[in-house]
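Encoded as structure tokens, the structure appears first; notes follow it.
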Amino acid sequence: MKPETKQFLRQMLACLLCLLLGGGIALGAVWAWMGEDGRTLLSAQHLIAQRFVGDYDETEALHGTLGAMVEGLGDRWSYYLTPDEAKQVREDRENAYVGIGVTVNQEGENGLEILTVTPGGPADEAGLQAGEVIQGVDGVAVTAENRTDLISSIRGEEGSSVTLTIADANGETRDVTVERKAVHGITAAWTMLEGDIGLVTIANFYQGTADRVKQGVDELQQQGAKALIFDVRSNPGGYVSELTQILDDLLPEGVIFRTTAYNGKEKEYTSDAGCVDLPMAVLVNADSYSAAEFLAAQLQESAGAAVVGEQTSGKGYSQMLFDLPDGSAMGLSTARYFTGSGKSLIGTGLTPDPQVSLTQAQQRDLLMGKLAHEDDAQLQAAIQTLRQE
């Protein structure tokens, strides 16, 4: 906790208690206004500060309290972020940050498995590959207890370096020193498949994604695409503004998205007459969240696009990230959203037709970009569906 924050809290508590004990009328009104829950929270903090005999970290206690408050909402989509986590999330949403350009699996037992390597990024230049495992960071071995801290420490000041202990597929280890640089994430990629079917893979819907998708669709059309497949598998979603811009570029005139805010205010987003007049399909899986689900739902609703893959998550709330004084943040669900026709996906998600699953090994290869198109049963099902139209 910052010293000034700590001092403010102590002063506030002292003033509250002194005035209350002194019969302060104005403060009595404030105390009543705070309600029983607010008074309980302040009283508990004061008791810990004054009476607890053990040593404890005030910052950790504060973060634990705030995290528990959000968890107590019972909303799986709302969340609390520590200052370091909040900073990282903000950078990620800009699709630009200072680091080495990798994503990792945090649940591996033997270290941090590299899932993706950003093309042209520092890790790529240093020869790191998807499937390799980071076993140490600057001489510190990765453990279950420190993995979160070590992931954060891989990022740092531009121009500084980090030394990673890397294990390859054969278990052989080597130390690799990587210079941290500005990394710009590639949010969309595209390629032409056999039969003049264009494939557009969308990683997220954060800053700049709509422009990338438009560029890809335009190039594929120039190459003679006769149909389009949008791959939003394992896509975490992102900004409504990016989603609606993509839908506007693809769909004919009409309502393409609706929201109802916490205060009851409703808003609808519309598309103009310009559109892409091609057959479409969308690939989804259980990790297609938020904007990814709604891209598929609206393309299906407005353009008859086939949705292929696995049942989606059923996320129908949007979150706003609220900054707190110490740099931490709360992401709270503040609005419900719907397709243009008013359909909510909350608790239901999308049911693909056809429903096709991948094996666990294939899902892993897909995340790493190693699953060949001919071995991707979901992609092949989408291709077959388009050919039948």
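Residues in the range 92-105 that are surrounded by 14 or more Cβ atoms within 10 Å (Cβ to Cβ) and part of a loop (DSSP other than H, G, I, E, B): N95, I100, G101. For first residues located in the range 123-141 and part of a loop (DSSP other than H, G, I, E, B), partners that are at pLDDT 90 or above and hydroxyl-bearing (S, T, Y) and lie 6+ apart or on another chain with Cβ distances below 9 Å form the pairs A126/T177; D138/T163; G139/T163; G139/T165. Restricting V133, V89 to those that are surrounded by 13 or more Cβ atoms within 10 Å (Cβ to Cβ), within 20 Å of the chain's Cα centre (by Cα) and under 21 Å from L367 (Cα atoms) reduces the list to V89. Determine whether T163 is assigned to a strand (DSSP E or B), at pLDDT below 90 and open to solvent by 40 Å² or more (accessible area, probe 1.4 Å). Considered against the rule, which asks whether it is assigned to a strand (DSSP E or B), at pLDDT below 90 and open to solvent by 40 Å² or more (accessible area, probe 1.4 Å), T163 comes out as no. Note on the range 66-84: residues that are without any contact (Cβ under 8 Å) to a residue 40 or more places away in the chain, of a type in the set (D, E, K, R) and not in a loop (DSSP other than H, G, I, E, B) total 1. Within the range 250-303, track down each residue that is open to solvent by 40 Å² or more (accessible area, probe 1.4 Å) and closer than 20 Å to N235 by Cβ. Scanning the range 250-303 gives Y269, A286, D287, Y289, Q300, E301, S302, A303. Only one of the listed residues (Q319, Q388, Q363) is open to solvent by 80 Å² or more (accessible area, probe 1.4 Å), among the polar types (S, T, N, Q), at pLDDT below 95 and out of contact with any helix residue (DSSP H, G or I) (no Cβ under 8 Å at 6 or more places or on another chain). That residue is Q388. Among the residues making up the range 349-360, those that are in contact with an Asp or Glu (Cβ under 9 Å, 6 or more places away or on another chain) and either among the charged types (D, E, K, R) or open to solvent by less than 70 Å² (accessible area, probe 1.4 Å) (or both) are G349, L350, P352, V356, L358.
The values are calculated or read from the model by the stated rules, or taken from the named source; none is laboratory data. All values derive from a computational prediction rather than experimental measurement. When we count neighbours, we look across all protein chains shown, and the Cβ atoms used for this are built from the backbone with ideal geometry, even at glycine. Surface areas here come from the heavy atoms of the whole protein model, side chains and all, with no ligands, DNA or RNA. Shrake-Rupley method; radii C 1.70, N 1.55, O 1.52, S 1.80 Å.
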